[in-house]
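What follows is calculated from the coordinates using simple rules that are stated; it is not laboratory data. Source: prediction; values computed, not measured. Reconstructed Cβ throughout: ideal geometry from the backbone, glycine too, with neighbour counts over all protein chains shown.
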Amino acid sequence: MAPVEIGKIRNAALLSHSGAGKTSLAEALLFNTKAINRMGQVESGNTVSDYEAEEVKRASSVQASIIPCMAKGHKINFLDTPGYDDFRGEVVSSLRVVEGAVILVSAIAGVEVGTETAWSMCEERNLPRIIFINKMDRDNAEFQRSLDSIQSAFGRECVPLNVPIGAAQDFKGVVDLLDPNAAAPEGLEDFVEAARERLVESVAESDDDLATKYLEGEELTAEEMTEGLKQAVLSGEIVPVLCGSATENMGIEEVQQAVIDYVPSPDSAEVAGTEPESEEPMEVDQSADAPLVALVFKTTADPFVGKLSLFRVYGGVMKGSTEVWDANQEQSERIGQVYTMCGKNQEATPEVGPGDIGAVAKLAAATTNDTLCQRENAVLLEPIVYPDGHYTMAVSPKSKADLDKMSSSLTRIVEEDQSLRLEREASTNEMLLTGIGDVHLDTTVDRIKRKFGTELMLQLPKVPYRETITVVSRAEYKHKKQTGGHGQYGHVLLRLEPGDRDSGFEFDSEISGGAVPREYISSVEKGVMKAMSEGALAGYPVVDVKAVLYDGSYHDVDSSGISFEIAGSYAFRQGMTAGNPMLLEPIMKLAIRVPDAFTGDVIGDLNGRRGRIVGMIPETGATVIEAEAPRAEVLRYSTDLRSLTQGRASYTMEFSHYEGVPPVVGQKVIQESQREEARA
């Protein structure tokens, strides 16, 4: 594919609720531009953009794919994104490199949760958008009902540019409202005329000169309508609504033309960056003869091809067989062959110009969010901010062979999908994988098995409980052992005092008169700290305790550091048992944004999880509930909240503090710990 000048490039994301037909629309667009000679079907697993095995298995997208189309001298890079919320990270990275979006709405279901999410994400980025009512050929499809749903959710600025001829089994095409010569089918004359008048009125309202002309009774020309509509779309005063059927290839040409007409070219807005050392803001020159500036927005790991980095060029030209500078990693990268992508297919190209999207294989250090540039003209572009996931599972290998490959496989998949987070919980010795939801993690495990041959298992993580004491206790232990030569002797008396919550551990000595020599006091402390790794109740680490060595004795010959270490360890264990020990559990701080209609249900659910409502902040149409809840009760909260609110709520969660476990709950934890110990 030959390089295209920046003014003839359009970059647009395809967004929707899952199942609205983005991938089918991508197939129709490719077919109409002769990029493919037959349209694939999602159900058959033979579409261009859904090529991963997990996508074929689920019959839905799990990652973003680039779909380039050449039409009327323009190159349109469509990014087909997943509709399911668990893969929101793919949508975020796609929206970072486009100038507009096509939001699909099912003519059967109307506006759904995913539609609202897509709209909100576009609004946050001030992206012009076009709405396409798809599936007009399906049973129960109704244009007016869908349009009412759109206008109710997003406002009266959503205005049709075409209307359907028939519906469901009788759907025959669309009438272009911008074409004054387009004849309305028999029986639809009044409907078409009313829709056309509404469009003219909306365009006139968006421009003072056009409004004056319209109010004076003059007719707006086709050129005035097109230009006025373009400016109104760019400013957000009008959102064009189109309709059709992707699988029947009806209304698709109109979508393509709307993207050309109403989505701005990449050079329409300034691109800002910062200087790496001074962090001073600077403007990126977007011309082809400017220094190279490109952003790696997606990385895929392939066992055969290796690492493939997808990039968007913002300034200059990315050429093959050159050296570039990775401003984030501060090192040089060798660029081999440069490609343009169409689904999984790579087409070699000599260069990728400004505004365009390309790919390069086997970069040594560059990862997603890195800026590729020239060393003498280094610049850092604004990074992609990925959504924080809160659904955590413990991951373990299925076999010994998988154990050897688990760490490298997880590291590579997290590099590929930066909405994942990998960490080890030291207190439970578990490897924890965090994502946006259960489907996200299940798909990740499937991809690891397919790509790297590593089979992993997911299970709910153990809760990192802690133990402490509630009353002051005293303990004495004398370690005495005779072995024929030098023996072992260490005698300590400890006082254990409960500390303030989150105070950690403190050790003190009240020894006087040399009852325990100074050189052995540190050994006692060492023994105590070792014993703190296992509490008296369920074997969890001990916290918030002050240990005081207040007396003891020693032997001139048999005493040693190890003897006092052993004595300190056993004395601490005795003191723990005598100190009325209790379990502590981690308490999480939540901020849940809930539509008003579900506020009561969410509060009731939190109460059932031993949660406490800390505060409530009203917003337009929603409430932010600030709460605290035990971690043990919110391990699956991502899935449960989605089910409770039809996917309309969102939340953040972070660790707050440790708190005592209620006796009834604590007894169950202790019994489960004892069962696990018995099984081991």
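Tell me, Asp502, Asp370, Asp601, Asp402 in order of fewest to most beta-carbon neighbours within 10 Å?
In order of increasing Cβ crowding within 10 Å: Asp502, Asp601, Asp402, Asp370.
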Assertion target for His555, His479, ordered by fewest C-beta neighbours within 10 angstrom first, is His555, His479
The distance between the Cα centres of segment 10-68 and segment 394-469, in whole Å, is 30 Å
Residues meeting the amide H criterion for Arg10 (H placed from the backbone, H to H distance under 5 Å, 5 or more places apart or on another chain) are Lys75, Ile76, Asn77
Note: segment 467-580 at 37 °C, 0.692 mPa s; Kirkwood Rh on alpha carbon pairs; Stokes-Einstein D in µm²/s works out to 236 µm²/s
Contour minus Cα-Cα span, Glu189 to Ser321, at 0.36 nm per residue, comes to 41.5 nm
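Against the empirical 2.2 N^0.38 Å scaling, what ratio does the C-alpha Rg of the chain come to?
Relative to the 2.2 N^0.38 Å estimate, the chain comes out at 1.23.
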Here the membrane-span-like helices of the chain, with no claim about any membrane, defined by DSSP H, Cα axial extent at least 18 Å and mean Kyte-Doolittle at least 1.0, are none
In order over segment 315-324: 3J(HN,Hα) from phi, Karplus 6.51/-1.76/1.60, θ = phi - 60°, whole Hz, x for each Gly or Pro, gives x, x, 9, 8, 10, x, 6, 9, 9, 10
Simple SL model, points at 7 angstrom along Cα→Cβ for Ala153 and Thr470; separation in nm is 5.2 nm
Links exceeding 31 Å between C-alpha atoms in this model, out of Lys530/Lys668; Lys57/Lys668; Lys398/Lys546; Lys546/Lys668; Lys135/Lys449, come to Lys57/Lys668; Lys398/Lys546; Lys135/Lys449
Expressed in angstrom and rounded, the centroid-to-centroid distance over alpha carbons for segment 587-626 and segment 252-273 is 40 Å
Dividing the mean separation of Cα pairs under 8 Å (6+ apart) by the residue count of segment 391-459 yields a relative contact order in percent of 46 percent
Partner aspartates and glutamates whose C-alpha sits under 13 Å from that of Lys75, ignoring same-chain residues fewer than 8 away, are Glu5, Asp261, Asp356
Output for segment 203-260: GluC sites (Glu not before Pro) sitting in coil per DSSP, at most 14 other Cβ within 10 Å, listed by number, reads Glu216, Glu218, Glu219
Any lysines whose Cα falls less than 25 Å from that of Lys213, other than same-chain ones fewer than 8 residues away, would be Lys230
Placing one equal point scatterer on each C-alpha of segment 21-115 and summing with Debye, one gets log10 I(q)/I(0) at q = 0.16 Å⁻¹ equal to -0.68
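Sorted by average packing, counted as other Cβ atoms within 10 angstrom per residue and highest first, what order do 257-265, 20-28, 589-597, 571-579 take?
20-28, 571-579, 257-265, 589-597
State, as an integer percentage, the relative contact order of segment 4-150 based on alpha-carbon contacts under 8 Å between residues 6 or more apart.
Value for segment 4-150: 28 percent.
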Counting only residues 5 or more apart in sequence or on a different chain, those whose built amide H sits under 5 Å from that of Lys307 are Asp302, Lys362
Expressed in angstrom and rounded, the centroid-to-centroid distance over alpha carbons for segment 637-680 and segment 526-545 is 22 Å
Restricting to aspartates and glutamates and to Cα separations under 19 Å from Lys478, and discarding same-chain partners fewer than 8 apart, the set is Glu510, Glu519, Glu525, Asp551, Asp556, Asp558, Glu565
One quarter of the C-alpha convex hull surface, i.e. the mean projected area of segment 583-666 in nm², amounts to 5.1 nm²
Here the gain from full extension of Ser509 to Ser407, 0.36 nm per residue of separation minus their alpha-carbon distance, amounts to 32.3 nm
With the dipole of the chain defined by +1 on each Lys or Arg Cβ and -1 on each Asp or Glu Cβ, the option from Tyr658, Val472, Ala194 whose Cα lies farthest towards the positive pole is Val472
Taking Cα pairs closer than 8 Å and at least 6 residues apart, the relative contact order of the chain in percent is 10 percent
Flagged as over-length at 21 Å C-alpha distance, from Lys298/Lys589; Lys319/Lys362; Lys8/Lys298, the pairs are Lys298/Lys589; Lys8/Lys298
With -39,500 (n - 2.57) per DSSP H segment of 4 or more residues and division by the full residue count of the chain, the 222 nm estimate, nearest 500 deg cm²/dmol, is -9000 deg cm²/dmol
